[in-house]
Structures are given as C-alpha cells and as structure tokens.
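The values are calculated or read from the model by the stated rules, or taken from the named source; none is laboratory data. In this text, all values refer to a predicted model and were calculated from it rather than measured experimentally. Cβ atoms come from the backbone with ideal geometry, glycine included; neighbour counts cover every protein chain shown.
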C-alpha cells in the first residue's frame, strides 16, 4: 500500500522488498545519504562518534534517535530549531516524525552547508524498507528527495556474537522473539554496500572468520571491513562532496588486527 506523503517508518521489520539493493550514487549534486544500520549492540553509535571526530574538513549532517547519545564532548556548541551545531561544522538532528522531515530540516539550515548526511537507523530497522519508501517519496516529488539522494547502506555486525545470533534460526517460530533475530540480521546485511565486522578485539579469530563467511554468503557484493571500536576511515561510511583530511592509518580499521584489551568504557552498548 502507498506510504502517506512524507512518511518513512524507521522501525519496519520484515517488509517485502520492493527495491533491489544497489548503490544509488550522487545525482545532480545532491547531498549523499548513508544509512547506518546494525542490530542492537553492533556499535553504530561508537562508529558515528568516531566519524564526527575525524571529519574536520567535511560537513556531515547526522540524523539520530537521541542527539545526546552521539556525545562527542566539547564539540557540541549550541542548538537551534532542534539542530545541534558542532565546532567542526557538522550538525546533528533528532528524528522528527519521519526521516524525510529530519533530512529536510538539516538541509534547510542555512548556517551549515552539508557535504553528506548519515542516518543512524534503529537496531530493528530494515534498510530495504527505508530505500523502498524513499523511492516512493522520490516519485511523489518530496522536497527532501530533491536535495539529497540515498548513496549507500553501511551495516555493522558484532563479530563476537554474530555466529551465536545466527544460530537462533533453530528456535521454533512463536516460541521466542529471538527467532526473528537472524531474519533481521539477514535483511540488514543483504541491504548493505559495506559491512563493518566490528568488535574483532572481543572475538576469537574463528568467530571473525565465521562472521565474514556468513556475510559473504548473504551478500557477495558487499565490501567487508574488519574493525574494532567502530574505528573506520570516514570515507568508508560516507561519500562526501569533499575530500577528507588524511589521518594516521592506526586511527582506522588498519589497526584492528592488532591485539588489544577492552574495558567497559570501550564497548559500545548501543
């Protein structure tokens, strides 16, 4: 059934796929949007924090469920009309009634010209449903779709728990809500252009290999990146209309293969 004009639900589960997964790209100089997907505990917020801290020359708009959860210390400077400005020129916006309204609000703020937008989806959101509804809004001529374009989906998984979560396929239907977890993981991975295999510092090597193999079997076209603490090169997550300042290689995923110890503060409980 058609979605009411301007409405894009962010917590739709197991919706039928009306749009084939593929990178849409940037059209007519529109601001590229990345959907940041991942099950609860996969590390989306930690990845978002790292992105904002390492995007000095790129202005990124962020749509989140809770602005406070993106705590990046003193970089928060002031708030206006629900949009929180950061010292580095990025902007965060809490989800309004729907995704289109939030993106429109970000792009209408003349004080910040954005190079890219990242939408942190709910842990139970199906990115393909979001893509499908965006296409409907595009065909309806919604103002947000004239300014921005869905560029890619980046999905995070927790390498230390992914194999166990996947085995929940064996839970009989109706016996537990856990039986729906593998289906949701599958949907998020199949929608992805990039899959970040996160928390490899908490996982054994076999767990990382199992996670990688399962991801490749579900989506052979996705790029796989092994990371810890959500630390990944910013241009892996966004496709901006500007260049990133080079950062030391050990800031990103290249350092993820080094052994490290973790504390409670290091682990993203998103």
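Filter the range 123-142 down to residues that are touching a strand residue (DSSP E or B) at 6+ places or on another chain (Cβ under 9 Å) and assigned to a loop (DSSP other than H, G, I, E, B) and give me whichever is surrounded by the fewest Cβ atoms within 10 Å (Cβ to Cβ). Don't jump to the end; show me each part of the working.
Here is the first cut: in the range 123-142, the ones touching a strand residue (DSSP E or B) at 6+ places or on another chain (Cβ under 9 Å) are 123, 125-128, 130-131, 134-135, 138.
Checking the rest, the ones that are also assigned to a loop (DSSP other than H, G, I, E, B) come to 123, 125-126.
Details: 123: 17, 125: 26, 126: 26.
Per the criteria, the residue is 123.
From the list 16, 55, 37, pick out the single residue that is farther than 19 Å from residue 85 by Cα, assigned to a loop (DSSP other than H, G, I, E, B) and either in contact with a strand residue (DSSP E or B) (Cβ under 8 Å, 6 or more places away or on another chain) or modelled with pLDDT under 85 (or both). Break it down into steps so the answer makes sense when it comes.
Working: 55 fails: farther than 19 Å from residue 85 by Cα; 37 fails: assigned to a loop (DSSP other than H, G, I, E, B).
Result of the check over 16, 55, 37: 16.
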Next on the checklist: If I ask for residues that are farther than 20 Å from residue 70 by Cα and free of Cβ contacts under 8 Å to residues at least 24 places away in the same chain, which ones from the range 95-146 would you list?
Outcome noted: 108, 110, 138, 139, 141
Checklist entry - How many residues are over 28 Å from residue 118 (Cβ atoms), surrounded by 13 or more Cβ atoms within 10 Å (Cβ to Cβ) and at pLDDT 85 or above if we restrict to the range 164-210? => result 2
Next on the checklist: I want to confirm something. Restricting to the range 194-221 and keeping residues that are closer than 11 Å to residue 160 by Cβ and in a loop (DSSP other than H, G, I, E, B), which single residue is farthest from the chain's Cα centre (by Cα)?
Outcome noted: 204
